[in-house]
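Data block below; observations after.
Every number in this text was worked out from the coordinates using simple rules, so none of it is lab data. Only a predicted model underlies this, so the values are computations on that prediction, with no experimental measurement involved. Methodologically, a virtual Cβ is constructed for each residue, glycine included, from the backbone with ideal geometry; neighbour enumeration extends over all protein chains shown.
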Amino acid sequence: MVAKIFIDGEAGTTGLQIRERLAGRRDLEVISIAHDKRKDQDERKRLLNLADVAILCLPDDAAKESVSLIENDTTKVIDASTAHRVAEGWAYGFAEMDKAQPQRIRDARHVANPGCYPTGAIALIRPLRQAGILPDGYPVTVNAVSGYTGGGKQMIAQMEDDKNPDHIDAPHFLYGLTLKHKHVPEMKMHGLLERAPVFSPSVGKFAQGMIVQVPLYLEDLAAGATLETIHRALVDHYAGQSIVEVVPLDESAKLARIDATELAGSDAMKLFVFGTQGGAHVNLVALLDNLGKGASGAAESHLTHTCLLSDSDLKQT
């Protein structure tokens, strides 16, 4: 059978990308709401209940409303908003987070798409927590820069249209200055942290791409922690994964810079461990596309894990 997919909010940045990604697939049918009925709640409700999978590309409150409109017990939901990322009963859609996560996503009726910044942060932090290298209570900081498409249509217009009254001319700017960013709760929960991290996000004048950094003091980690043991923990955690690449230490040591746009248009993610042999610090770095692995690419992946592969196929992904 061909699965019916309804993208609720397909006119937004993430929705448009998901629609484009699914356009060539023959194993599913994308059902769309007519342009003149986008604000018709009865029509949205009909399509949400008709779909095998509903992908929500909406603001938080609208996403919650969409979930409430589903009256059957068969429609599966992938929510790209922030609304359900730490909610009970929702599987977190970062399939590479640990080895059991793909099956959790497959079994779940409700899947919350990860945030783009948390995807990088959790990818770096969680393996060290599970390996016992990052101790309870460590004061984690996360510093990051994203392409401006992460801000949706409004920010895209502000960055690209110099006639926009709210045009942003800055080549790079910091935001989230109150340290109350909406991504912090999911970093804490899925990063297995006892304390909320200090998160400092920023935006660069490039469309797609992202760098996430987590600097660490070696002396405050578990006894014996080194550049090598941290790198080994990441390598072991992501062994066998095709999406997440842990860059070898010798390759990282030869790099003079990291380009935030290197993986633009890709669903891949690269993880680096930087530092000096025998030094006191390490800097963990995740490189990804904010609209690839960080958004529409993740949502497309959840379709695979949720409903479109057999058990034997799942074991090969």
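Just to verify a number: FRET efficiency for LYS153 and GLU194, C-beta to C-beta distance, R0 = 41 Å, to 0.05? Intermediate results must be reported in sequence, preceding the final value.
Details: r = 37 Å, r/R0 = 0.91.
That pair, LYS153 with GLU194, gives E of 0.65.
What 222 nm value per residue comes from the helices of the chain, counting each DSSP H run with n ≥ 4 as -39,500 (n - 2.57) and dividing by all residues, nearest 500 deg cm²/dmol?
Taken over the chain, the calculation gives -8500 deg cm²/dmol.
Assign one of three labels to the stretch 225-267, namely rounded, prolate or oblate, based on the Cα gyration tensor with a ≥ b ≥ c the square roots of its eigenvalues; rounded applies when a/c is under 1.5, prolate when it is not and a/b is larger than b/c, and oblate otherwise.
Details: a/c = 2.86, a/b = 1.23, b/c = 2.32.
Oblate shape, in that a/c is at least 1.5 and b/c is the bigger or equal ratio.
Under the definition of Cα pairs under 8 Å and six or more residues apart, what whole-number percent is the relative contact order of the stretch 85-183?
Numbers: 67 pairs, mean separation 16.7, N = 99.
About 17 percent, as a whole number.
Name the most mobile residue of ALA170, ALA121, ALA233, meaning the one with the largest mean-square fluctuation, in a Gaussian network model of the chain with Cα contacts below 10 Å.
The residue with the greatest mean-square fluctuation here is ALA170.
Given the options ILE18, ILE70, ILE258, which has the most mean-square fluctuation in a GNM of the chain, springs set between C-alpha atoms less than 10 angstrom apart?
ILE258
When the label point is put 7 Å from the Cα of ILE258 along its Cα-to-beta-carbon vector, which residues of the stretch 112-154 have a backbone N closer than 16 Å?
Label zone hits: 116-128, 141-147.
Using only alpha carbon positions, build the gyration tensor of the chain, then give the equivalent ellipsoid semi-axes as the square roots of 5 times its eigenvalues, largest first, whole angstrom. Mind dumping the intermediate values first?
Working: eigenvalues 226, 109, 61 Å².
Calculated on Cα positions only, the semi-axes equal 34, 23, 17 Å.
Skipping prolines and chain starts, which residues have an amide H placed within reach, meaning under 5 Å, of the one on LYS4, given they are 5 or more residues away or on another chain?
GLU29, ASP52, VAL53
Using Cα pairs under 8 angstrom and six or more residues apart, how large is the relative contact order of the stretch 1-120, in percent? Can you show the working numbers first?
Details: 196 pairs, mean separation 25.9, N = 120.
Relative contact order, the stretch 1-120: 22 percent.
DSSP loop (so not H, G, I, E, B), at most 11 other Cβ within 10 Å: list which trypsin sites (Lys or Arg not before Pro) in the stretch 19-93 pass both filters.
ARG26, LYS39
Find the relative contact order for the chain and round it to a whole percent, using C-alpha pairs within less than 8 Å whose residues are 6+ positions apart.
Details: 628 pairs, mean separation 58.4, N = 317.
Contact order relative to length: 18 percent.
Along the Cα→Cβ direction, 7 angstrom out, place labels at ASP98 and GLN41. What is the inter-label distance in nm?
The two pseudo-label positions are separated by 4.0 nm.
Can you work out the FRET efficiency for the pair VAL2 and GLN277, with r the C-beta to C-beta distance and R0 = 41 Å, to the nearest 0.05?
Working: r = 55 Å, r/R0 = 1.35.
It comes out at approximately 0.15.
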